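Asker: Below: one structure in structure tokens.
The values are calculated or read from the model by the stated rules, or taken from the named source; none is laboratory data. These numbers come from a predicted model, not from an experiment. Glycine also receives a Cβ, built like all others from the backbone with ideal geometry; neighbour counts cover every protein chain displayed. Remember, those area values only see protein heavy atoms, side chains included, never the ligands or the DNA or RNA. Shrake-Rupley method; radii C 1.70, N 1.55, O 1.52, S 1.80 Å.
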Amino acid sequence: MSDVDDFCREVWPGLASSLGLYCHDVGVGEELAQEALARAWARWDQVSRMESPEAWVYRVGLNLARSRFRRSRAERRALSRLSADEAARTANHTDTIAVREAVAGLSERRRAAVVLRYFADLPATTVADV
């Protein structure tokens, strides 16, 4: 176990600061570095035998950052479409607030599925793939 502990302590500072620079947010970089190192820890038997475990952790961190960027862009697009639709409609604001509160109360995964299917109007097969 000390091997993985030593590895994490050694890689953490550079990984966290690199991801923070990549994401333009130190806090996000630290969060992504934690997740990448947690994944390395969970797979340490495999990761430790790789030619460069450090490179693997950096790749995982960058992939996590890219996924975060994609989710953020998709969320902004969905909110933009939602705002445009709201401006065009004269819907009852009470219903709109109730729907938003209901969607906000869902788990992250279910909320994503509802937004992609019903607000972004993506086909169910696409939503399942996402």
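Asker: Just subtract the alpha-carbon distance of Arg43 and Arg111 from 0.36 nm times their residue separation and send over the number in nm, one decimal.
Answerer: 21.5 nm
Asker: Rounded to the nearest whole Å², what accessible area per residue is found for the chain with the 1.4 Å probe?
Answerer: 73 Å²
Asker: Over the chain, what is the relative contact order in percent, taking alpha-carbon pairs closer than 8 angstrom and at least six residues apart?
Answerer: After rounding, I find 16 percent.
Asker: If you wrap a convex hull around the alpha carbons of region 14-60, what volume per residue comes out, as a whole number of Å³?
Answerer: Value for region 14-60: 52 Å³ per residue.
Asker: Mind checking the full-extension length gain between Ser80 and Val127? Use 0.36 nm per residue of separation minus the Cα-Cα distance, one decimal, nm.
Answerer: 15.0 nm
Asker: What figure in square angstrom, to the nearest 10, would you give for the accessible area of Thr94 with a 1.4 Å probe?
Answerer: 100 Å²
Asker: Just the number, please: carbon plus sulfur as a percent of the accessible area of the chain, 1.4 Å probe, no ligands or DNA/RNA counted.
Answerer: 52 percent
Asker: Could I ask something else about it? Rounded, prolate or oblate: which fits region 10-130 when a ≥ b ≥ c are the square roots of the eigenvalues of the alpha-carbon gyration tensor, with rounded for a/c under 1.5 and prolate only if a/b beats b/c?
Answerer: It is prolate, given that a/c is not under 1.5 and a/b is the larger ratio.
Asker: Okay, moving on. Longest exposed-loop-site-free stretch of the chain, with trypsin sites (Lys or Arg not before Pro), DSSP loop and at most 10 other Cβ within 10 Å?
Answerer: On the way: sites that count: Arg49, Arg89.
Excluding the exposed sites themselves, the longest stretch runs over 1-48.
Asker: Mind listing which GluC sites (Glu not before Pro) in region 29-130 are in a DSSP loop and have 15 or fewer other Cβ atoms within 10 Å? Show your work: numbers first, answer last.
Answerer: On the way: sites: Glu30, Glu31, Glu35, Glu51, Glu54, Glu75, Glu86, Glu101, Glu108; in loops: Glu51.
Counting only loop positions with at most 15 other Cβ atoms within 10 Å, the GluC sites (Glu not before Pro) in region 29-130 are Glu51.
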